[in-house]
1. Rounded, prolate or oblate: which fits segment 1-88, taking a ≥ b ≥ c as square roots of the Cα gyration tensor eigenvalues, rounded meaning a/c under 1.5, else prolate when a/b beats b/c?
2. If the only charges are +1 at each Lys and Arg Cβ and -1 at each Asp and Glu Cβ, what is the size of the charge dipole of segment 1-88 around the Cα centre, to the nearest 20 debye?
3. How do 44, 28 rank when sorted from fewest to most other Cβ atoms within 10 Å of their own Cβ?
4. Exactly which chymotrypsin sites (Phe, Trp or Tyr not before Pro) in segment 6-62 are in a DSSP loop and have at most 16 other Cβ atoms within 10 Å?
5. State whether segment 63-187 is rounded, prolate or oblate according to the following rule on the C-alpha gyration tensor (a ≥ b ≥ c being the square roots of its eigenvalues): a/c under 1.5 gives rounded; otherwise a/b larger than b/c gives prolate, and the remaining case gives oblate.
6. Can you list the residues of segment 115-150 with backbone N under 18 Å from a point 7 Å past the Cα of residue 190, pointing along Cα to Cβ?
7. Return the subset of 109/133; 141/183; 109/183; 27/52; 46/78; 136/180 for which the Cα-Cα distance in this structure is over 22 Å, preserving the input order.
8. When 158, 140 are ordered from fewest to most other Cβ atoms inside 10 Å of their Cβ, what list results?
Amino acid sequence: MKISIIIATFNAELRLSRCLDSIISQKTEEIELLIIDGGSVDGTLKLIDSYKDFIDFVLTEKDNGIYDAWNKGIRQAKGEWIMFLGADDQLMPGALGKYLQFIRSMEGKICDYISACINYCNADGRLIKVIGKAWKWNEFKDKMTVAHVASLHNRSLFNQVGLFDTSYRICADYELLMRKRDKLAATFFSEIVASMESGGVSFSTAAIKETCRICNYHNENSFLKRCYLFMRKHTEFYFFILKMKLRKLLHFNLYAGL
């Protein structure tokens, strides 16, 4: 059994080392590490070379975004299970060993996808919230409800539904999992396996629009349902932004008063 970890990089010199260190500290023969670089022009390639004894495959060439890079990685990966990480994501200590133990406990069970929990942190590393819940079609059909960072995809899933659709720039991971609809054999691993930094394009109004486009395509929603989903997602987004601003303000006032 082998887990292939694919990291897409582009000018990631300042943050990649923490990601790699979190993997290498728990890497065994059952873990394969692949880096697909989009043609970095900073010190990323030099940094990758300094870790060459721990990296199983490196490809450096111009790509068409992160999903194109991940597709290239999938074609090269040898593992039965495939994980995707961003250059600024970090695995929790012992996460890979726990994953392998969990996979062995499911021997004989059909499973396309395993999601888990992750720490969602601010730029200072302070925990904002823990993200991750069990996959349920009735919820998932309207939005991405599982934590995709550090989740595991069975290779057979890509054999069945194909690779990531690169016409989606932000939410192709959601679109891929939507292709099997309620037939997706998903399992939840309740451990916290990784941490990711808040912000980024995946948390934006552009991501909301892409999610709505995916939902409407796969669910064949009526016009009224499309309007409802669009308004609900924007309301949830701006409510979360407001909550984060209030939390930051309260945190600042607390320390200012000391």
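Readers should treat all values here as calculations from the given coordinates under stated rules, not as data from a laboratory. Since the structure is predicted, the reported quantities are computational estimates derived from the model, not experimental observations. Here the Cβ positions follow ideal geometry from the backbone for every residue, glycine too, while neighbour counts run over all protein chains shown.
1. On the way: a/c = 1.89, a/b = 1.21, b/c = 1.57.
Taking the square roots of the gyration eigenvalues as a ≥ b ≥ c, segment 1-88 is oblate.
2. Details: 10 positive and 15 negative charges, 14 e Å.
In debye, rounded to 20, segment 1-88 gives about 60.
3. Working: 44 23, 28 10.
The fewest-first ordering by Cβ neighbours comes to 28, 44.
4. On the way: sites: 10, 51, 54, 57; in loops: 10, 51, 54.
Loop-located and lightly packed - 54.
5. On the way: a/c = 1.24, a/b = 1.10, b/c = 1.14.
Here segment 63-187 falls in the rounded category.
6. 115-119, 130-136, 146-147
7. Working: 109/133 20 Å; 141/183 12 Å; 109/183 15 Å; 27/52 13 Å; 46/78 25 Å; 136/180 13 Å.
The answer is 46/78.
8. Values: 158 18, 140 21.
With the sparsest Cβ surroundings first, the list reads 158, 140.
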